[in-house]
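Chemist: Attaching a single structure in C-alpha cells format; questions to follow.
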Amino acid sequence: MKKGVDCVGCGCVLQGNKVCLRTVWESDLELIYRLMTDVSEKGEYWLMDIPAEPAFRRGFVERGFWHDSFGRMVIQNNAGNMVGEIIYFRNADYRAGYELGYQIFKREDRGKGYMSEALALFSAFLFESKPIPRLQVTVVAGNEASRSVAERCGYRYEGTLRQAAFLAGKYVDLEILGLLREDCPPLSV
C-alpha cells in the first residue's frame, strides 16, 4: 500500500494498488444514496437501515460527512468507478476509538480485494490522524466474508454480542473484532 495525496486529479486522499479512498463530493450524493439504498444488491447479512434522503443530504451539508465523531469516504477502483464506502463513527461516548462500517455496493464488485485494501488504508489513516488507541468492526455472526476482510487487516476477534441485532425477522449475534494502534501497519509512501 502506498499513501497518495491527491492522485492525478481524482481527489484521492488514500491510494492503494486496487482502490483509492476520497471524501464525498456534493456531486456524489445522488449516486451514493441510490447505491447505498439499493436493497436488491444487499447480501443476506445486511442490517436493514435506510437513512431518509433529507437526513442523508443534511449530513453532507452540515459537515461534509467528516467530523470528530463520524466520517465517510467513497471507495473507487482503478477505473475511477465508485464501488463502495467506508465510515467511522463513535458508537458510545465513553469508548475510546471508533467503530468502522463498510460496504461494497454491487455484487459484481465483491471478492476482488477492494474492501481489504480499503479497510487497511482507512485503519492506518485513522491511527495516524487521530489520537485513538483502537478501532473495531462489528459483523453479523456467520458473515465470513466480512469477518475475513477484518482479519486480513489485523483485526482480532474480541467477543460476541448475543442477539444484538434484528435481521430477517429474528435476532442475531454480532461479533466484535478489534485492532490496536500498535498492531496496525503504518501508511507508507
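Chemist: Checking the condition over 16 Å from the mean Cα position of the chain (by Cα) and either surrounded by 13 or more Cβ atoms within 10 Å (Cβ to Cβ) or modelled with pLDDT of 95 or more (or both), which residue from Gly4, Gly71, Gly16 passes?
Modeler: Gly4
Chemist: Moving on. For the condition among the acidic types (Asp, Glu), in contact (Cβ under 8 Å) with a residue 60 or more places away in the chain and not in a helix (DSSP H, G or I), what is the one hit in Glu44, Glu99?
Modeler: From the options Glu44, Glu99, the qualifying one is Glu44.
Chemist: Also: Please work out which one of (1) without any contact (Cβ under 8 Å) to a residue 24 or more places away in the chain; (2) part of a loop (DSSP other than H, G, I, E, B); (3) not aliphatic (A, V, I, L, M) is the condition Glu62 fails and give its number.
Modeler: Every condition holds for Glu62 apart from (2).
Chemist: Could you please find all residues in the range 120-150 being part of a helix (DSSP H, G or I) and either surrounded by fewer than 16 Cβ atoms within 10 Å (Cβ to Cβ) or at pLDDT below 95 (or both)?
Modeler: Glu128, Ser129, Glu144, Ala145, Ser148
Chemist: In the range 102-119, what residues are closer than 18 Å to Glu41 by Cα, surrounded by 15 or more Cβ atoms within 10 Å (Cβ to Cβ) and not charged (D, E, K, R)?
Modeler: Those that are closer than 18 Å to Glu41 by Cα, surrounded by 15 or more Cβ atoms within 10 Å (Cβ to Cβ) and not charged (D, E, K, R): Tyr102, Gln103, Ile104, Phe105, Tyr114, Met115.
Chemist: Based on what the data block shows, is Lys170 modelled with pLDDT of 95 or more and of a type in the set (D, E, K, R)?
Modeler: Answer is no for this residue.
The values are calculated or read from the model by the stated rules, or taken from the named source; none is laboratory data. Quick caveat: nothing in here was measured; it's all calculated off a predicted structure. Positions of Cβ are backbone-derived with ideal geometry, glycine not excepted, and every protein chain shown enters the neighbour counts.
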